Amino acid sequence: MNNPEQQFLKQLDDKLWKAADKLRANLDAANYKHVVLGLIFLKYVSDAFEERQDELLARFKDESDELYYLPPEDYDSEEEYQQALKDELEILDYYREANVFWVPKAARWSTLKEKAVLPTGTVLWQDEAGKDVKLRSVS
């Protein structure tokens, strides 16, 4: 096992196994698979979503792309242009046309990863009714 790539994969495997053991300690075996499969699916759709966002951003800035290009000179300032790009990236139809799941900001993998280190009881966001959605323990 002198190959650095094999060593890296072994270390990654060990870390994933330890994380799975930690999670299993708090969950019934019958429910464990639902949590893990849900997380795997979420990671997959989030990665596809981010890949599509990167592709769209490049197309919005590509002058040769007649369909998607957003000319910066149409905006009064760089901040306004950057905001327009961000707003455009949140349009559902761009993802539907490429058969990519549109993932709401609060459900994206990057958001969940960022919020995972917060203590239990932290307000994550407010739902449509204005109620706080809080981080709670899995056990």
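Coordinate-derived values only; no laboratory data. Quick caveat, the model's predicted, so the values are computed rather than measured.
Short version: ³J(HN,Hα) in whole Hz for each residue of the stretch 39-49, in order, from phi by Karplus 6.51 cos²θ - 1.76 cosθ + 1.60 (θ = phi - 60°), x for Gly and Pro, what are they?
Calculated HN-Hα couplings, in order: 5, 4, 5, 4, 4, 4, 5, 5, 5, 5, 4 Hz.
Among the listed pairs 18/86; 22/43; 18/105; 18/131, which have their C-alpha atoms separated by more than 31 angstrom in this model?
18/86; 18/131
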